[in-house]
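The values are calculated or read from the model by the stated rules, or taken from the named source; none is laboratory data. Because the structure is a prediction, the values reported are computed rather than measured. FYI the Cβ positions are ideal-geometry reconstructions off the backbone, even for glycines, and counts take in every protein chain you see. Heads up: the accessible areas ignore ligands, DNA and RNA and are worked out on the full protein's heavy atoms, side chains in. Shrake-Rupley method; radii C 1.70, N 1.55, O 1.52, S 1.80 Å.
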Amino acid sequence: MSEFYIGVMSGTSLDGIDIALCEIKEYSFELIHEASYPFDTELKETIFDAINNPITLKEIGELDTRLGEMYAHALERFLLNKKIKRESIGAIGLHGQTVWHEPTGMYPFSMQLGNANVVAARTGIPVVSDFRRKDIALGGQGAPFAPAFHHYLFSRLEGNIAVLNIGGMANLSILGDELRGYDTGCGNVLMDYWIAKHSGTPYDEDGVWARSGTPNKELLKELLKEPYFSKEAPKSTGRELFNGVWLQKQLENFAWKNRNTFYTKARDIQATLLELTAISITNEVKKTPTTLLITCGGGAQNRYLMQRLKEELSGVEIVSSDECGVSSKYMEAMAFAWLAHERIHKKCVKISSVTGALKDSILGAIYE
């Protein structure tokens with residue numbers, strides 16, 4: 001019997017809202033309709049301010065509602081444009097917008113905003129949200145969750161397979177007898193920040209600007225000294241670490257240490273940041289027996305980044321998930337449609353081997 005679920009995702013890049021309508025059967029999963037909607041520019045800046053500066057409880061509450069309204073509006077357009085009957089949808093899987101992720105502090109938590117009650121009230125469809133906090137309550141990282149979906153999709157393929165998702169952050173799923181996975185570190189986030197700062201462009205399409213520069217090898221060595229890169233899994237990260245403030249501090253420290261010799265053009269910094277993403281990913285893949293690497297996410301569309309990965313991982317076959325019949329662009333939205341299906345059917349998500357939680361559990365809260 002077929003069931004239909006919708007997944008909604010806005011990642012750490014804040015470059016848009018991805019929505020995917022999926023048909024889920026007992027042994028199959030199919031993307032039926034998909035669409036992307038722009039992220040409200042003013043709201044995007046408000047989120048950046050909230051992450052980087054002190055914020056009041058009133059502002060957090062308002063931001064939660066505003067995000068809920070933005071998601072609801074995008075869903076209304078999606079349902080209308082695709083002529084989807086609301087009563088045919090089992091639930092909407094709403095990830096929400098991560099504004100802070102700190103699963104290893106004295107009081108571990110992960111905060112996703114985007115009021116699910118608003119979305120349920122506006123659409124008239126049940127919403128499953130708040131996926132991460134149960135895993136954290138059980139001692140896990142609460143991230144990444146994509147490996148569970150990657151295992152569902154690709155575990156039947158032969159060989160030593162890993163799946164690389166490059167969004168704002170990059171995460172690696174290692175498929176095998178025991179599922180493993182973790183965030184390798186920054187994906188697009190620093191490159192997006194730097195090009196926006198210097199040209200107003202939201203991202204470096206195909207890595208053209210990075211390709212025009214020359215990486216600073218000494219700066220790259222300093223950036224790779226970030227303790228997160230050498231930390232053992234399970235681990236996860238986000239904008240609370242890798243952000244513009246972090247990058248500016250790194251650049252200032254490097255300039256001070258090399259004040260008599262350091263001069264680098266903005267394009268050379270961009271080239272160095274692309275190398276940081278490529279090398280931090282490469283270092284992790286080389287620790288695994290991977291022979292086939294399946295790529296997805298916005299970073300998989302960056303031709304120069306993909307070229308650099310192929311050069312560094314010459315012994316590994318690298319293909320896009322599109323070549324395996326699965327949309328690379330809508331992978332995460334599809335994942336939350338699947339997670340909503342699992343929650344509605346009260347199924348445990350087998351993710352504890354990834355996150356380090358004490359056990360697998362049913363994830364997400366239902367908003368009727």
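Per-structure values
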{"quantity": "Positions within the stretch 298-314 being touching a residue at least 24 places away in the same chain (Cβ under 8 Å), open to solvent by 10 Å² or more (accessible area, probe 1.4 Å) and within 19 Å of His150 (Cβ to Cβ), in sequence order", "calculated": "Gly298, Ala300, Gln301"}
{"quantity": "Flag for Gly187 being open to solvent by less than 70 Å² (accessible area, probe 1.4 Å), touching a residue at least 40 places away in the same chain (Cβ under 8 Å) and not aliphatic (A, V, I, L, M)", "calculated": "yes"}
{"quantity": "Hey, Glu317 among the acidic types (Asp, Glu) and open to solvent by 20 Å² or more (accessible area, probe 1.4 Å) or not", "calculated": "yes"}
{"quantity": "Residue within the stretch 202-215 that is in a loop (DSSP other than H, G, I, E, B), under 22 Å from the mean Cα position of the chain (by Cα) and farther than 23 Å from Ala50 by Cβ present", "calculated": "yes"}
{"quantity": "Selection count, the stretch 276-291, where residues are within 14 Å of Leu313 (Cβ to Cβ) and under 21 Å from the mean Cα position of the chain (by Cα)", "calculated": "9"}
{"quantity": "Failed criterion for Ser353 (all others in (1) open to solvent by 10 Å² or more (accessible area, probe 1.4 Å); (2) in a loop (DSSP other than H, G, I, E, B); (3) polar (S, T, N, Q); (4) closer than 16 Å to His150 by Cα hold)", "calculated": "(2)"}
{"quantity": "Restricting the stretch 3-42 to residues that are open to solvent by less than 40 Å² (accessible area, probe 1.4 Å) and hydroxyl-bearing (Ser, Thr, Tyr), the residue that is nearest to Ile366 (Cα to Cα)", "calculated": "Tyr5"}
{"quantity": "Any chance Glu252 is of a type in the set (D, E, K, R) and either open to solvent by less than 60 Å² (accessible area, probe 1.4 Å) or at pLDDT 95 or above (or both)", "calculated": "no"}
{"quantity": "Some residue of the stretch 229-237 being at pLDDT 95 or above, among the polar types (S, T, N, Q) and either part of a helix (DSSP H, G or I) or over 26 Å from Gln307 (Cβ atoms) (or both)", "calculated": "yes"}
{"quantity": "Lone unmet requirement of (1) open to solvent by 90 Å² or more (accessible area, probe 1.4 Å); (2) modelled with pLDDT of 95 or more; (3) farther than 27 Å from His341 by Cβ for Gly61", "calculated": "(1)"}
{"quantity": "Matching residues in the stretch 219-240 - criterion: being over 15 Å from Leu273 (Cα atoms) and open to solvent by 30 Å² or more (accessible area, probe 1.4 Å)", "calculated": "Pro227, Ser230, Lys231, Glu232, Ala233, Pro234, Arg239, Glu240"}
